[in-house]
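Reviewing the structure listed below.
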Amino acid sequence: MCATVVPLAATGPSGPSEVHVSESHLETDYQRVQRSPEFQDLRRRFRNFVFPMTALFLAWYFLYVLLANYAHGFMSHKVAGNITVGLLLGLGQFVSTFVITMTYARWANQKQDAVAEDLRDQIESGALSAGGTDVRPGEGSRA
């Protein structure tokens, strides 16, 4: 068993910290799970949904703000009675927030939750490959 010195990024009052660990314990459970193909796939699918949805909502939000600031005539155009285009677009912001939330919840329930539950079961049962390390399930982080 060979000892290795692992420097930590944080420094304490007495200067930089170091942790002595054996080479067989360099990888924590969390690191092993993070680099597993199952977790990478889960993360990729999450990002492929969330990032475009976030970009779409931000574009819609900034369009509303820009129209409110620079298109006063358009935004103050009356649609019916005292209801203006600006009021309808403002209410549309609230509606779109709820639609995005419901869409995400439905997507997560149908596509993501089952995969995440399978991954959790693998982690808890120790079935996730340790990749040659000596870390056993349930031992937690050593860093």
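Contact map, region 51-71: first residue farther than 12 Å from I100 by Cα and in the same structural domain as T101 (by TED's automatic domain parsing), second residue surrounded by 11 or more Cβ atoms within 10 Å (Cβ to Cβ) and hydrophobic (A, V, I, L, M, F, W, C), Cβ cut-off under 6 Å, separation 6 or more or different chains; pairs are Y64/L89; L67/M75; A68/M75.
Are any residues in region 70-114 surrounded by 13 or more Cβ atoms within 10 Å (Cβ to Cβ) and outside any helix (DSSP H, G or I), and if so, which ones? A71, T84, listed by residue number.
The values are calculated or read from the model by the stated rules, or taken from the named source; none is laboratory data. Source: prediction; values computed, not measured. Here the Cβ is made from the backbone with ideal geometry for all residues, glycine too, and neighbour counts use every protein chain on show.
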